[in-house]
Amino acid sequence: MVHQIRVIVESLDDAGGVIGKEIITTKNVVKPNHIIELGFRHSEQIDLLSQIEQQLLDKQSVYLKEELYKCPKCGRKLYKSGCVKSAFHSVFTDHKVSTSRQVCKLCKWTSTPSVRSLFGNASHPNLVKIQAELGANHTFRESQKLMNLFSNNSRSTNSHDTINRITEAVGQDLSDNPEVPSKSIPSASHIYVQVDEGHVACTDRDKRSFEVMVSIVFDAKNNQHTTEKKKDDGEVKGVRRRLKSKHCAASALLDTRDTMKQQTLHAAIKQGITPQTKITAICDGAKNCWDIVDSLEKHCDSIERVLDWHHIAMKFKNTRLGHEEMNKQLSGAKWYLWHGLPGKAIERLQLMRDSFQDNPKKKEKVQRQLTYIENNANFIANDQKQQDNGLIFTSQMAECTVKNLINKRGKGQQHMHWSRNGLHALLQVRSAVNSNDWSAICQLHIDVLYKKTA
Ligand SMILES: [Zn+2]
């Protein structure tokens, strides 16, 4: 019967001979009376990882020095002069690593390298990648919590400030060096483009908010979805959608939407747009969103424009009139829209409006809804039919909507205020992380954090 297990790190020479042995841990093998005693606990796992990694780092540290042979000041020979320790942050663990000091005996010039000075950063790129991805999809404070939870430790390198700084740096690099789509992308016969916009509170007190836009592009055949149960009126409760491949674009810049158009085009190219491609564009009805869609016109065969059902439904919800019969009428108008009959819906809303001659407030409410439908009447699709055909009629792509972004970033109590450039950088990481080729391109942009300062 085995009584104990022991984890040992052996050091081998180039002939494979053992030249060193370090005991990492010895653990009793006992009958687990509870599943918590089965295997290692989280703290033990982290501890094992930490100790094993430290062994490797200690062996690697002989290589950690500046490649200097002459004193940069007087040109004399440099001598080894002991070691200094500096911080190194691995994905789950923090370490101190020795680096070699060199000194000039004549002028006393000394080099004291650190992991940071040698590599440009004290964090392993794998850690930076995780931090940037979390920072893109969660608040920085949530990211800090998640990182520390998995590390089983409160690590200063996981502070929300650090995660903020890393996410913004990667985002700034994505913004400065956007991906040029490769030429060898298979062409798509039909792609979907969804454009969404929203407003975000600004750090500048004089300006209350600024516009943020997000778009998502995907090949129709990459869309797999299941529809949840319908309610009585035929409206869907929700759609679970899984996109095998998609590309996102986002911008918070004030540049007549040039960046947004450029990036959406890039996303479309990455999804295989050609002059033969048919596009279905889904928007909330805002002019700015259609502007982005229109900019794709010259790059494709045709565009079918569809008003986003999610937004239609939301507007109807906001128009509720606190009057049973009238709300019934309102549901009727909505039903017409769902079945692709905007003319009938408009007629219904006009009748309702006219019946409110004595109630200017309600009249105004109905008029607003009417105007919205009239302005977008050409873009009302037969959503019922689309749904039956398994097509897409709503832009609820949770990870890529502005609303989701704003909600995530603390609406209400701790209202988040953004600078345009800061939010733009964050949006770049968010789009990149949620796009198909992130794993292929991330290293390129993470590298920006490893630029050595001279
Ligand atoms: Zn010198």
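Each reported figure results from applying straightforward, stated rules to the coordinates on display, with no laboratory input. All figures in this text were calculated on a predicted structure; none of them were measured in a lab. For neighbour counting, all protein chains shown are included, and Cβ atoms are generated from backbone atoms with ideal geometry for every residue, glycine included.
Hey, got the dipole for the chain? About the Cα centre, +1 on K and R Cβ, -1 on D and E Cβ, debye to the nearest 20?
On the way: 66 positive and 50 negative charges, 242 e Å.
Magnitude of the dipole: close to 1160 debye.
Label-point separation (nm) for GLU325 and ASP437, each offset 7 Å from Cα along Cα-to-Cβ?
Inter-label distance under the simple model: 6.1 nm.
Can you find, among ILE303, ASN126, SER43, the residue farthest towards the positive end of the dipole of the chain? Put +1 on the C-beta of Lys and Arg, -1 on that of Asp and Glu.
The residue sitting most towards the positive pole is SER43.
Report the gain in length on full extension from ARG368 to LEU149: 0.36 nm times residue separation, minus Cα-Cα distance, nm rounded to one decimal.
Between ARG368 and LEU149, full extension yields an extra 74.0 nm.
Would you mind computing, in nm to one decimal, how far apart the modelled labels at CYS202 and GLN45 are, each placed 7 Å from Cα along Cα→Cβ?
Simple spin-label model gives 4.7 nm for this pair.
With respect to the cross-link table entries LYS244/LYS451; LYS145/LYS270; LYS246/LYS298; LYS129/LYS244; LYS73/LYS451, which display a Cα-Cα separation exceeding 27 Å?
LYS244/LYS451; LYS145/LYS270, as the Cα separations exceed 27 Å there.
Given the options GLY340, PRO181, VAL200, identify the residue whose Cα lies farthest towards the positive end of the charge dipole of the chain (+1 on Cβ of Lys, Arg; -1 on Cβ of Asp, Glu).
Farthest towards the positive end: VAL200.
Given the DSSP H assignment, sum -39500 (n - 2.57) over each helix run of at least 4 residues in the chain and divide by its residue total; what's the result at 222 nm in deg cm²/dmol, nearest 500?
That comes out to -12000 deg cm²/dmol.
For the residue pair ASP291 and LEU56, what label-to-label distance in nm results when each label sits 7 Å from Cα along the Cα-to-beta-carbon direction?
A separation of 5.1 nm, rounded to one decimal place.
For ARG76, what is the net charge nearby, where nearby means another residue's Cβ is under 10 Å from its Cβ and Lys, Arg count +1, Asp, Glu -1?
Its environment carries a net charge of +4.
How large is the charge dipole for region 2-82, taken about the Cα centre, if only the Cβ atoms of Lys, Arg (+1) and Asp, Glu (-1) carry charge, to the nearest 20 debye? Working shown, then result.
Numbers: 12 positive and 11 negative charges, 98 e Å.
Computed charge dipole of region 2-82: roughly 480 debye.
Please work out how many pairs of lysine residues in region 309-393 are eight or more positions apart (or on different chains) and have Cα atoms closer than 18 angstrom.
Counting lysine pairs in region 309-393 gives 23.
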